[in-house]
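The values are calculated or read from the model by the stated rules, or taken from the named source; none is laboratory data. Since this is a predicted model, take the numbers as computed values, not measurements. We place every Cβ from the backbone using ideal geometry, glycine too, and count neighbours over all the protein chains shown.
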Amino acid sequence: MSDAAKGFADILPPDFYHRLTPLALPLKRLRVYVLGRPEQTAMKIVALREQDLEDLELLLPQLSEGDKRTLVVIMDHVSRFRPDWAQRIKYFLEEQGWPTE
């Protein structure tokens, strides 16, 4: 995990590993996984750099209804220790017209 991403690792809910996707790379001793779409989306919303906005344009249309529900669960998880981040996620989701309750 990059140093930049480590600052946002707390966003990950305890069950995030269930949504990891293995990357098929020709590596013998290293397994590489990608975060699930809800986790990627939450991290992008909180960081909200220019590149994140571009990434969100690609991620948002790919989110299933289940992914959206998971994103709300992540928002609730984050609200326990970073209410400011949770509020950012909430406002972003509401701008998309998604229910957050």
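Taking region 61-77 only, how many residues are among the hydroxyl-bearing types (Ser, Thr, Tyr) and in a helix (DSSP H, G or I)?
Residues meeting the conditions: 1.
Select from region 31-60 the residues that are assigned to a loop (DSSP other than H, G, I, E, B) and either at pLDDT 95 or above or of a type in the set (D, E, K, R) (or both) and list them in ascending order.
Scanning region 31-60 gives Arg31, Arg49.
Would you check if there is a residue in region 37-46 being out of contact with any Gly (no Cβ under 6 Å at 6 or more places or on another chain) and loosely packed, with under 10 Cβ neighbours inside 10 Å?
No - not one qualifying residue is present in region 37-46.
Kindly list the number of the only condition in (1) surrounded by fewer than 18 Cβ atoms within 10 Å (Cβ to Cβ); (2) closer than 16 Å to Phe92 by Cα; (3) not hydroxyl-bearing (Ser, Thr, Tyr) that fails for Val32.
Every condition holds for Val32 apart from (2).
Go through region 78-101 and count every residue that is assigned to a loop (DSSP other than H, G, I, E, B) and of a type in the set (Val, Ile, Thr).
Looking only at that region, the number is 1.
Exactly one condition in (1) of a type outside the set (A, V, I, L, M); (2) at pLDDT 90 or above; (3) part of a helix (DSSP H, G or I) is not met by Asp10; state its number.
Unmet condition: (2).
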